[in-house]
1. Taking the stated definitions as given, is Val38 in contact with a strand residue (DSSP E or B) (Cβ under 9 Å, 6 or more places away or on another chain), in contact (Cβ under 8 Å) with a residue 24 or more places away in the chain and surrounded by 11 or more Cβ atoms within 10 Å (Cβ to Cβ)?
2. Go through (1) on the phi < 0 side of the Ramachandran plot; (2) at pLDDT 90 or above and name the single condition Gly21 misses.
3. Does region 60-77 hold any residues that are at negative phi and surrounded by fewer than 18 Cβ atoms within 10 Å (Cβ to Cβ), and which are they?
4. Being more than 10 Å from the ligand (Cβ to nearest atom), surrounded by 13 or more Cβ atoms within 10 Å (Cβ to Cβ) and under 15 Å from the mean Cα position of the chain (by Cα): is that true of Thr49 here?
5. Would you point out the residue of region 67-77, among those that are within 14 Å of the ligand (Cβ to nearest atom) and in a loop (DSSP other than H, G, I, E, B), that is nearest to the chain's Cα centre (by Cα)?
6. Could you check, for region 78-91, whether at least one of its residues is more than 10 Å from the ligand (Cβ to nearest atom), on the phi > 0 side of the Ramachandran plot and not charged (D, E, K, R)?
7. Confirm whether Arg2 is loosely packed, with under 12 Cβ neighbours inside 10 Å, of a type outside the set (Asp, Glu) and modelled with pLDDT of 90 or more.
8. For Ile30, are the conditions met, namely being surrounded by fewer than 14 Cβ atoms within 10 Å (Cβ to Cβ) and of a type in the set (Val, Ile, Thr)?
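The values are calculated or read from the model by the stated rules, or taken from the named source; none is laboratory data. Here the structure is a predicted model, which is why all the values come from computation and not from measurement. All Cβ positions, even for glycine, are placed from backbone atoms using ideal geometry, and neighbour counts span all protein chains on display.
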Amino acid sequence: MRPRRIGEEALGRLLSALRAGRDAALGTYIFKGLRIQVSRYGASGTDRTARLYRTRRTRGLCVRCGVRVTRRNPSTGKPYRLCDEHRKSIDKV
Ligand SMILES: [Zn+2]
């Protein structure tokens, strides 16, 4: 994932998430030209993939590429898990 530029306020939120050991702290950030990387120590590739999937799913992003999904599943009212492009290439059987 690309690093996210953050200011004082977001840094404060990041630190409190860090203190609590919450997954919300995970990510890569740039603060005043310094790079901060927070990752779960000892997590396997599978753990990371599962977490990435969950975060993207709850944020309504394509689980494959992270693009915001605008189209919703008419029967559930929830955004699709894939963007239009990936829905075409993956869900098509
Ligand atoms: Zn996609």
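1. Spelling it out, Val38 is indeed in contact with a strand residue (DSSP E or B) (Cβ under 9 Å, 6 or more places away or on another chain), in contact (Cβ under 8 Å) with a residue 24 or more places away in the chain and surrounded by 11 or more Cβ atoms within 10 Å (Cβ to Cβ).
2. In the conditions (1) on the phi < 0 side of the Ramachandran plot; (2) at pLDDT 90 or above, Gly21 misses (1) alone.
3. Residues satisfying the conditions are Arg64, Cys65, Val67, Arg68, Thr70, Arg71, Arg72, Asn73, Pro74, Ser75, Thr76.
4. Spelling it out, it is not the case that Thr49 is more than 10 Å from the ligand (Cβ to nearest atom), surrounded by 13 or more Cβ atoms within 10 Å (Cβ to Cβ) and under 15 Å from the mean Cα position of the chain (by Cα).
5. So the first thing to find is which residues in region 67-77 are within 14 Å of the ligand (Cβ to nearest atom), and the list is 67-71.
This time we only want the ones that are in a loop (DSSP other than H, G, I, E, B), so: 67, 69-71.
Values: Val67: 10, Val69: 13, Thr70: 16, Arg71: 19 Å.
Among those that are within 14 Å of the ligand (Cβ to nearest atom) and in a loop (DSSP other than H, G, I, E, B), it is Val67.
6. Scanning region 78-91 turns up no residue that is more than 10 Å from the ligand (Cβ to nearest atom), on the phi > 0 side of the Ramachandran plot and not charged (D, E, K, R).
7. When the stated conditions are applied, Arg2 does not pass them.
8. So Ile30 fits the description; yes.
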